[in-house]
Amino acid sequence: MALIPFDDTDAAAFAATRELPRAGLERWRYAVQQHLRPRSGHTVLDLGAGTGAWANAFTDWFGVRILALEPAAAMRTRCPHRPLVGGDGTALPLRDTSLDAAWLSTMIHHVPDLDVLARELRRVLRPGAPVLIRSPFPGRHQRIALFDWFPEAVRVLDTYPGVARVRAAFTAAGFPVSTVEPVAQTTAASLAEYAAKLSRRAHTPLHLITDEEYETGLARLRVAARRPSGPVVDHLDLLVLR
C-alpha cells in the first residue's frame, strides 16, 4: 500500500507539478545511459510509472521499448504512454526473464515488502540486467531543496528504506553488485518558479507533516522566493543493482 492514496486530486497535482522539463534532466540521461547500456530490441520496465514522464523520456532518449506499470488507477488515466499495465511490484504480471532492465523512480518507499519486490524483479529480469532506483534516501537529503524549506519533512524521509536496507533485500534476491551516486537535476529555473508550482499533494513528505508545519515551511519559501535567485538544482540518488 502506498504511503498516500494517489487519488484523482493527487494524480492531477503530480502531473501538473512533478514532471520536470527535459532540459533539466540531461545529467539523468547521461547517468542512466552508463548503466542501462540501451540496445535496439531491449525492453525496460518502468515500475511505478506514474503519469508516464520517465517512460516517455526513455523512449525518446534511448529508443528502447518501455513497459510502464502503475498500480494507481488515477495515475494510469493520466499516463499517455503505451504499453501500460496495472499491477504492483509484489506480484508482477510479467513472464520470467522477459526484461532487460527495471527503472524505479521515487517509488521505493511505497513498496510494502522490499524482499518480495527484489525477488519478483529477479524473476522477470534477464541475468545481469540492472535495476535502477532513483530516490531520496534517509540521511542523504542535504542537497534536496524541499527539505531546506520543510525540515520537518525529514521526519517522513527517515521512515523510507535506506540504501543499506535496499541493498540487503536485493543482495538476498540475487543482485550482488550495487553502486550509488547523486545525480543533479534542475527542478526549477528560479526559487520563485519553484514556490509557484509547489503542490503539497504531489509530494509524499509534505502530505505527511502537519498542516501547521506545512504552512510554516511555505511561508519560509515564499519569503525567500521574493529575492532574485538562480536555478533550483536538486541531487537525488541513483542506486544501481545487478
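The values are calculated or read from the model by the stated rules, or taken from the named source; none is laboratory data. Being a predicted model, the structure only gives us computed values, none of them experimental. We place every Cβ from the backbone using ideal geometry, glycine too, and count neighbours over all the protein chains shown. The protein model used for the area step is the full one, side chains on, heavy atoms only, and it has no ligands, DNA or RNA in it. Shrake-Rupley method; radii C 1.70, N 1.55, O 1.52, S 1.80 Å.
Quick notes on this structure:
- Once semi-axes √(5λ) of the Cα gyration tensor in Å is calculated for the structure shown, the corresponding label among (1) 29, 19, 18; (2) 26, 20, 19; (3) 40, 18, 14 turns out to be (1).
- Within-13-Å neighbourhood charge of residue 131 [Cβ basis; K, R +1; D, E -1]: +4
- Charge tally around residue 210: other residues with Cβ under 12 Å, Lys/Arg +1 each, Asp/Glu -1 each, net -3.
- Rg over Rh, two decimals, the stretch 147-242 (C-alpha only, Kirkwood Rh): 1.07
- Crossing angle, helix 163-173 versus the chain [Cα axis fit, 0-90 degrees, rounded to tens]: 10 degrees
- The relative contact order of the chain comes to 23 percent, based on Cα pairs under 8 Å that sit 6 or more residues apart.
- Degrees between helix 8-17 axis and first principal axis of the chain (Cα, 0 to 90, nearest 10): 80 degrees
- Under the simplified labelling scheme, the residue 34-residue 197 pair shows an inter-label distance of 2.6 nm, with each label point 7 Å from Cα along Cα→Cβ.
- Mean sequence separation of contacting Cα pairs (under 8 Å, at least six apart), scaled by the length of the stretch 63-195, corresponds to a relative contact order of 20 percent.
- The stretch 39-85 - percent relative contact order, Cα under 8 Å, separation 6 or more: 42 percent
- Residue 115 sits among other residues whose Cβ lies under 14 Å from its own Cβ, and their net charge, with Lys and Arg +1 and Asp and Glu -1, is +3.
- When the trypsin sites (Lys or Arg not before Pro) in the stretch 9-43 are filtered for DSSP coil states and for at most 11 other beta-carbon atoms within 10 Å of their beta-carbon, the remaining sites are 39.
- Gyration tensor verdict on the stretch 1-61 (Cα atoms; rounded if a/c is under 1.5, prolate if a/b is larger than b/c, oblate otherwise): prolate
- Residue 133 accessible area, 1.4 Å probe, all protein chains in place, Å² to nearest 10: 0 Å²
- Cα shape, the stretch 54-147, gyration tensor, a/c 1.5 rule: rounded
- When both bridge partners sit in the chain, DSSP labels roughly 50% of those beta bridges antiparallel.
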